[in-house]
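Everything below concerns the one structure shown next.
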Amino acid sequence: MPPIEPGSDLASRRAEGLRIQLLGGFRVVLGKRVIEESEWRLRKAAGLLKLLALSERHQLHREQALELLWPDSDPKAAVNNLHGLLHALRRILRSDGQVVWLRLQGDVLSLGPVDQVWVDVRAFEA
């Protein structure tokens with residue numbers, strides 16, 4: 001994340017920012033907590049986070065996620081798998097603050113708040 005002036009409102013809002021490293025290896029830091037490799041028991045949880053990190057405004061339509069993660073599955077089974085995966089990913093991205101990092105609103109999955117998510121690929125592109 002870019003430097004933030006200590007003590008500023010933005011600094012306190014980003015204290016628990018989510019940093020996602022995709023270049024040169026996968027690494028996720030939530031605030032000061034590095035999410036250890038052992039926490040990624042479900043590969044598809046990491047896959048979904050990567051998809052959201054690279055998506056426009058960190059959002060995916062539910063059908064896109066289903067097609068990308070379970071292309072050959074029965075639709076009902078894929079939806080059940082997605083809900084289980086969302087539960088697992090929310091547990092991984094648990095924070096001490098009030099931030100909810102992963103949402104499913106209607107048919108849209110989103111990662112955010114967007115201004116608190118930093119992705120190295122986006123920084124590299126910029």
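Numerical summary
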quantity	calculated
Residue tally, condition assigned to a helix (DSSP H, G or I) and open to solvent by less than 80 Å² (accessible area, probe 1.4 Å), over the range 48-68	10
Meets criteria (touching a helix residue (DSSP H, G or I) at 6+ places or on another chain (Cβ under 7 Å) and modelled with pLDDT of 95 or more) for Ile4	no
Subset of the range 75-108 that is of a type in the set (S, T, N, Q) and free of Cβ contacts under 8 Å to residues at least 12 places away in the same chain - its residue that is surrounded by the fewest Cβ atoms within 10 Å (Cβ to Cβ)	Gln98
One residue from Gly31, Gly17 being under 12 Å from the mean Cα position of the chain (by Cα), at pLDDT below 95 and open to solvent by less than 70 Å² (accessible area, probe 1.4 Å)	Gly17
Residue selected from the range 34-43 under the condition open to solvent by 80 Å² or more (accessible area, probe 1.4 Å) and either touching a strand residue (DSSP E or B) at 6+ places or on another chain (Cβ under 6 Å) or of a type outside the set (S, T, N, Q) (or both), by the criterion nearest to Asn80 (Cα to Cα)	Leu42
Of the criteria (1) without any contact (Cβ under 8 Å) to a residue 40 or more places away in the chain; (2) under 25 Å from Gly25 (Cα atoms), which one Asp72 fails	(2)
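The values are calculated or read from the model by the stated rules, or taken from the named source; none is laboratory data. All values derive from a computational prediction rather than experimental measurement. Methodologically, a virtual Cβ is constructed for each residue, glycine included, from the backbone with ideal geometry; neighbour enumeration extends over all protein chains shown. SASA here: full protein model, heavy atoms, side chains in, ligands and nucleic acids out. Shrake-Rupley method; radii C 1.70, N 1.55, O 1.52, S 1.80 Å.
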